[in-house]
Amino acid sequence: MSHSLRVIFAGTPEFAAAALAAIHRAGFPVPLVLTQPDRPAGRGMKLQASAVKRYAQEHGLAVAQPPSLRRNGKFPAEAAAAIDLLRATPHDVMVVAAYGLLLPQEVLDIPPHGCINIHASLLPRWRGAAPIHRAIEAGDPATGITLMQMDAGLDTGAMIAETRTEIRDDDTTATLHDRLADAGAQLIVDALATLERDGRLPATPQPEDGTTYAEKIGKHEAALDWRRTAVELARQVRAFDPFPGGAATLDGTPLKIWSATAVALPHAGAQPGTIVEISAEGVVIACGNGALRVTQLQKPGGKRLPAREFLTGSTLAVGQRFAQPHEH
């Protein structure tokens, strides 16, 4: 199948690469791909290409990696060159997914059909950088993908289409991310086919009601506060997998908690953070309300291990108490 609608694509991580792959496989010409500059990553801090750049290079698509698209920013010459390149590249629409650079109005105005953003939430809830994490952390029953006609605001543009998925009790940011990446890829391909056929896409302004912001996840948020309810802590652990992980400190040793469920506290009166039960099923820790059964842990320099394996190599005991975030 081949299409005539020409798509410039802008995106960076795996979430975006799934959409680029779907657009390319569907037969839409992609004359240019924009992605973030290579970043140092891994133990050796070697420069690494983004998931989007890797896909583009494997499939012979032209790639540009400007550090900025703002003429008045830190990289005015690079931004000007990238804007010239956009103007010189014949195309019909630009698709943007988790690109990570701000698009000024000048750039939004270049594509004849504007810029369509694939956003991983049901807007206007969770505008911003970390919508998948925040939806799990907040205990939302469902989330989804919204296609949005971009304007100069932060995820404020008119809504073109959406698709919903329920958030399951065992969803982590990793599992939900993969489902949403697939859903976003399908949704954008359908929308591009409609745009090609009809020459336009219907768009509805976002309601102002129910707007929330998904701040970027910071490492400082990883520490588990045992005074919170077990239900909240279990959600935090799921939201922070694969990054930054739930962080806990026991007798001065930092541990990562990767998997946990809320359970009833076996006996009242235990101080928050106290280990109240240890078995092959997990380590049960008292919380401000209820208890957390921790089923996957990691020592510094070690691997993620199920509780049963973790316990063979460590000396946890009932009555030991995890530190509160401010105590160390």
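Here, each number is a calculation from the coordinates, and none is a lab measurement. These numbers come from a predicted model, not from an experiment. Please note: Cβ atoms are built from the backbone with ideal geometry, for glycine as well, and neighbour counts cover all protein chains shown.
Annotations
- The ranking of R308, R71 from fewest to most other beta carbons within 10 Å of each one's beta carbon is R308, R71.
- Lys-Lys pairs in the chain that are eight or more residues apart or on separate chains and whose Cα atoms lie under 18 Å of each other come to 4.
- For the range 110-194, the alpha-carbon radius of gyration amounts to 1.08 times the rule-of-thumb value 2.2 N^0.38 Å expected for a compact globular protein.
- Considering the range 228-291 at the alpha-carbon level, its Rg and Dmax are found to be 11.5, 33 Å.
- Degrees separating the helix 230-239 axis from the principal Cα axis of the chain, which is the longest one: 40 degrees
- Bins of 10 Å from zero: percent of alpha-carbon pairs in the range 85-127: 25, 51, 20, 4
- With Cα atoms, 0 to 90° folded angle of helix 14-25 axis to the chain main axis: 40 degrees
- Convex hull of Cα atoms in the chain, direction-averaged projection (nm²): 19.1 nm²
- Relative to the longest principal axis of the Cα atoms of the chain, the long axis of helix 76-88 lies at roughly 60 degrees.
- FRET efficiency estimate (nearest 0.05) - Cβ-Cβ, R200 to S2, R0 22 angstrom: 0.55
- Kirkwood hydrodynamic radius over Cα pairs of the range 257-301, then Stokes diffusion coefficient at 37 °C and 0.692 mPa s, in µm²/s: 308 µm²/s
- Three semi-axes describe the equivalent ellipsoid of the range 40-184; taken as square roots of 5 times the Cα gyration tensor eigenvalues and ordered largest first, they are 28, 20, 15 Å.
- Translational diffusion coefficient (Stokes-Einstein; Kirkwood radius from C-alpha pairs) of the range 192-265 at 4 °C, 1.567 mPa s, in µm²/s: 82 µm²/s
- One chain, two ends: A77 and L47. Fully extended at 0.36 nm per residue, the span grows by 8.5 nm beyond their Cα-Cα distance.
- Over the range 219-327, the pair-distance histogram of Cα-Cα distances with 5 Å bins from zero comes to 2, 14, 26, 29, 21, 7, 1, 0 percent, rounded to whole numbers.
- Cα radius of gyration and Dmax for the range 264-328 (Å): 11.9, 35
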